Amino acid sequence: MSQSIKINFTINGKRTELTIPPYMLLIDLIREELGLKGTKPGCLEGECGACTVLVNGEAVNSCLYLAINVDGKEVITVEGLPVTPEGEIDPVQEALIQHGAVQCGFCTPGMVMSIKSFVAQCNKDNIIPSPDEIKKAIEGNLCRCTGYVKIVEAVESLF
Amino acid sequence: MKKDLKVIGKPTPKLDARIRASGQAVYGQDVVLPNMLHGAILRTKYPVADIVSIDVSKAMQLPGVVAVITGDDINANNINYKRDNPVLKRGRVNCIRDEIAAVAAVTREIAQEAVKLIEVKYNVKEGIFDPFEALKDDAPQINEFVKGDQHINIAHPFYYEHGDIEAQKRKSAVIIKTRFELPRMTHCCLAPCAITADYSNVDKRLTLYCVTQIPFLFQRDMARVLNMAPSDIRIIQTVIGGGFGSKLDMYPYEPICALLSMETGRPVQITFDREEEFIASPTRQKMTIDLTSGADSKGKFTFREARIIMDNGAYTSWGATTPFVMMQTFSSMYQLPACIFDAKAVYTNNVYAGSFRGYGNPQATFAVERNIDLLAEKLGMDKFEIRLKNANYKDELTGQEMKFISCGHKEALEIVSDKSGYSPCHSREGGNLSNRYKRGIGFASMLHVGGGAKIYPSDGCGTNLKMDDFGKLTIITGSSEIGQGSETVLAMMASEELGIDLKNIKVINTDTDIKPWDVGVHASRTTFVAGNSLLGALKLLKEKLSNKAAQLLKTEIDDLVYEDGLIESTTSGESFKIDKVVREIHFKPPNELCAVYYYYEPGSEFQDKYYKGNVSDTYAFAAQAIEVEVDTYTGNIKVLDIHVAQDVGKVINPLGLAGQIEGGVVMGMGYALLEELYSEKGYILNPNFHDYKIPTSVDIPNIHFYPVETNDPYGPYGAKGVGEAPLIPTAPAIANAIVDAIGIRIVDLPITPEKVLKALKNDA
């Protein structure tokens, strides 16, 4: 067996130290080691986007990302999005729900994380994206239920 | 309607959306049970071979492996409705999906590693991969368990006719004959298949956490496969990450998981990766349709004669019965005096087809609608006019004896023609756009069951209701949620009837030990059948509440209204909170619970042996008009606008309805332009999202939806089935639009740029 490696990182705001094998994928670290099942295994080959998480604010496919590479970084999964004591959830999630953009929901957590990253980038650059730019931003997240229309509408409503 | 509707018809976000969007919903792959093992399946290396030997000794020795089973170790009956598919194959394999052995181990990785250590010696054989080859007189029997009655390789023949076809042929001014090749498409549910089996060797009961769309039929079938009593099997549906018909059948991985749990006495989980999902989950039927259609000189349709060969694959799923639905379209979509329909599901050594949203109707509609454009062209008629002239109408009794008690076909056609800006000279204007880019508009309609579908001794659904002492309602329904929004639709109906807030309503629908019987999610039946069942139960519940409330308010039952959590007397204006009334029922003699049950059986009828009869209580109709732009240099097709008008009876939840329409239309675009599971000599060539493309966000055109409300007399609030319909007309409307734009005669799906360029070259 390969030698295990110690990594230090922040997951959903919590500093964590773990010793893991070097070949471990980030999705397995999240789902199996940490038991956070909100990140979904849709294809495990970087095609569907269901396993998207934020690493230092950037959306990545956690199935294509080696877990050791989060050393010193900040990881946010869908479970890391804030919920207020009143049960209010993140505006991105709320927009998707209110616009009817959630059907079976398996793609939704990954979709939420991609949109989070995109919205943050737009806000930083001070731009209001066009529908085409929104479509481009979520191109890497497959959805088989909604036909994407309501997802795009939900993102538009955030600006 | 007796009063203004307060909840029905208002856009309502799905009740379960918050839990799903928050990552807290538990899908099949998220289930974790104490002491759980992980299973993996060894599939054959070759599509067709004799199995000479299986040596599992090395796999058994791998640390962490708890059990390895082969066909010789198990006592299980064959699955599927023809009982032609062994759970683990013995002696021979018949397609690349075939299961040979299975492993249970402490981790998924060890189970997968152990599978690789199983040594199988094969004697590789030639297979038959073309159904026409399989139909030859000297073809060997492909499935050893079923010997067809017309030919050894015909799994299921269908024959239907009505009218005097020869007389209609003589009346025809034009006759068009076309051969259509329709591809294997697959569901691509975002959640791959997953099951967790938990067998207790103490009480001899089996609990399955699974993703079936038909829990009660699944329970009964599983019991038969495992030689158990159905009541000893409990089906708990996890949150289902996409169904689309794929979960209508049982697949071998499900009883295999149960067998591994029985063997080890521990819970076992099997999950597919994406490649296994592509190879081992079902497809839409690949088929060849020869369709001859006629029309008289005035453009009235005279007859259709359809001869269909379906590639069944090596085993028979419910998918083989799709001709049951196809024949409805051939016989009855648009008025038609005569029809012959002959379809055969033929065994081959390909992967087997299953049921898929639309259930054969996308294929049938493609053929019918392409031929209509060709008839119009030959008659020199406008393609919209010819459709309108033949449209279905209210109170029509079709040749197949289906009764259209409500019908918005004509209206749907008129709406999409109007909204798309279609005019007979449109294509010429579009064609002049430039030398390179050409635009065109295409039409297609659709007819589908919308009020249940009688295929099983009961087409019904049960509902239990209980209102607790705090006025909160629990709906326990036999129906299932597969993402389509049924929970929300049911809760909206209860909110409407009882005047209580949606947040005071829960829907329980996942456990066969608790919920009453339902035939399953299929045939777009849930809103109609489960909705009517719920309304029946609500009526009983309200009788209980009203009796007590009338007593308390010293008034008549007819005087009461349910509003804002109160039951109010309209004459005195006095009211009681609904929970107070419940407590009066519960805590005062004769001390009753506020609970009721109701079973609803729709009026759908079994067809006779000639396939005639009113198979559904009502039917859905739709029309689509689609505009495309073709790049004649690259062959690329851009879908610009899709106009959808659909007879939904009555809009219950506009938000959920639009989602069904948009999702269905986009799935139809995939069928038209992108999707084909390629198979060569029985091997699947593109089992991943890189090589099997489904539409992404950037492919999406403008989708315009116009609901047509015909207020069906039998539907809940007038509603009829919706879910399958939107994808059915999309592919033929796109194909017709492409032909309109560039004049090539494409008849095979998917219409890829390569095919467009080749056709342009050949036509030049």
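The values are calculated or read from the model by the stated rules, or taken from the named source; none is laboratory data. Being a predicted model, the structure only gives us computed values, none of them experimental. Glycine gets a Cβ as well: all are built from the backbone with ideal geometry, and neighbour counts include every protein chain shown.
Here are the numbers for the structure shown:
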| item | result |
| --- | --- |
| So B:Thr238, is it crowded, with 24+ Cβ neighbours inside 10 Å and of a type in the set (Ser, Thr, Tyr) | no |
| Candidates B:Ala725, B:Ala658, B:Ala622, filtered to the one that is within 9 Å of chain A (Cβ to nearest Cβ) and under 29 Å from B:Ser495 (Cβ atoms) | B:Ala658 |
| Scan of region B:219-248 for residues that are touching a strand residue (DSSP E or B) at 6+ places or on another chain (Cβ under 7 Å) and among the small types (Gly, Ala, Ser), ordered by number | B:Ala223, B:Gly241 |
| Residue match in region B:1-13 (condition: within 14 Å of another protein chain (Cβ to nearest Cβ), in a loop (DSSP other than H, G, I, E, B) and surrounded by fewer than 20 Cβ atoms within 10 Å (Cβ to Cβ)) | yes |
| Single unsatisfied condition, B:Ile372 versus (1) within 17 Å of B:Ile734 (Cβ to Cβ); (2) touching a helix residue (DSSP H, G or I) at 6+ places or on another chain (Cβ under 6 Å) | (2) |
| Residue, modelled with the lowest pLDDT, within region A:51-86, restricted to residues that are of a type in the set (A, V, I, L, M) and touching a Ser or Thr at 6+ places or on another chain (Cβ under 8 Å) | A:Val83 |
| Residues (small (Gly, Ala, Ser), in contact with a strand residue (DSSP E or B) (Cβ under 6 Å, 6 or more places away or on another chain) and surrounded by 22 or more Cβ atoms within 10 Å (Cβ to Cβ)) located in region B:370-416 | B:Gly408, B:Ala412 |
| Residues being closer than 30 Å to B:Ile289 by Cβ, among the aliphatic types (A, V, I, L, M) and in a helix (DSSP H, G or I) - total across region B:84-143 | 1 |
| The lone exception for B:Glu662 - which of (1) outside the structural domain of B:Phe330 (by TED's automatic domain parsing); (2) in a helix (DSSP H, G or I); (3) charged (D, E, K, R) it fails | (1) |
| Verdict on B:Leu685 being closer than 21 Å to B:Glu276 by Cβ, more than 9 Å from chain A (Cβ to nearest Cβ) and touching an Asp or Glu at 6+ places or on another chain (Cβ under 8 Å) | yes |
| Helices (runs of 4 or more DSSP H) wholly inside region A:76-144 containing at least 3 residues that are out of contact with any Cys (no Cβ under 9 Å at 6 or more places or on another chain) and under 17 Å from B:Asp16 (Cβ atoms) | A:91-98 |
| Criterion: of a type in the set (A, V, I, L, M, F, W, C), over 30 Å from B:Met493 (Cβ atoms) and in contact (Cβ under 8 Å) with a residue 12 or more places away in the chain - qualifying residue of B:Val596, B:Val615, B:Val639, B:Val648 | B:Val639 |
| Extreme residue, surrounded by the fewest Cβ atoms within 10 Å (Cβ to Cβ), among residues of region B:627-655 that are of a type in the set (A, V, I, L, M), more than 19 Å from B:Ile734 (Cα to Cα) and within 14 Å of chain A (Cβ to nearest Cβ) | B:Leu655 |
| Hey, B:Ala114 in contact (Cβ under 8 Å) with a residue 12 or more places away in the chain, among the aliphatic types (A, V, I, L, M) and away from chain A (no Cβ under 14 Å) or not | yes |
| Qualifying residue in region B:626-640 (condition: touching a Ser or Thr at 6+ places or on another chain (Cβ under 7 Å), over 27 Å from B:Phe384 (Cβ atoms) and not in a strand (DSSP E or B)) | no |
| Filtered residues of region B:271-298 (kept if over 22 Å from B:Glu161 (Cα atoms), in a loop (DSSP other than H, G, I, E, B) and either in contact with an Asp or Glu (Cβ under 6 Å, 6 or more places away or on another chain) or of a type outside the set (Phe, Trp, Tyr) (or both)) | B:Asp273, B:Ser281, B:Pro282, B:Arg284, B:Gln285, B:Ser297, B:Lys298 |
| Condition broken by A:Glu79, with the remaining ones in (1) crowded, with 16+ Cβ neighbours inside 10 Å; (2) without any contact (Cβ under 8 Å) to a residue 24 or more places away in the chain; (3) among the acidic types (Asp, Glu) satisfied | (2) |
| Failed item in (1) buried (at least 24 other Cβ atoms within 10 Å of the Cβ); (2) aliphatic (A, V, I, L, M); (3) within 14 Å of chain A (Cβ to nearest Cβ); (4) outside any helix (DSSP H, G or I), with B:Met667 passing the rest | (4) |
| Extreme residue, nearest to the other protein chains (Cβ to nearest Cβ), among residues of region B:193-229 that are touching a Leu at 6+ places or on another chain (Cβ under 9 Å) and part of a loop (DSSP other than H, G, I, E, B) | B:Gln213 |
| Enumerated strands (runs of 3 or more DSSP E) restricted to region B:490-581, each holding at least 1 residues that are of a type outside the set (Gly, Ala, Ser), touching a helix residue (DSSP H, G or I) at 6+ places or on another chain (Cβ under 7 Å) and more than 30 Å from B:Ile235 (Cα to Cα) | B:560-563, B:566-569, B:575-577 |
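Every residue, every condition in (1) out of contact with any strand residue (DSSP E or B) (no Cβ under 7 Å at 6 or more places or on another chain); (2) more than 11 Å from chain B (Cβ to nearest Cβ); (3) outside any helix (DSSP H, G or I); (4) not hydroxyl-bearing (Ser, Thr, Tyr), yes or no:
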position: A:Thr19; (1), (2), (3), (4): no, yes, yes, no
position: A:Arg31; (1), (2), (3), (4): yes, no, no, yes
position: A:Leu36; (1), (2), (3), (4): yes, no, yes, yes
position: A:Glu45; (1), (2), (3), (4): yes, no, yes, yes
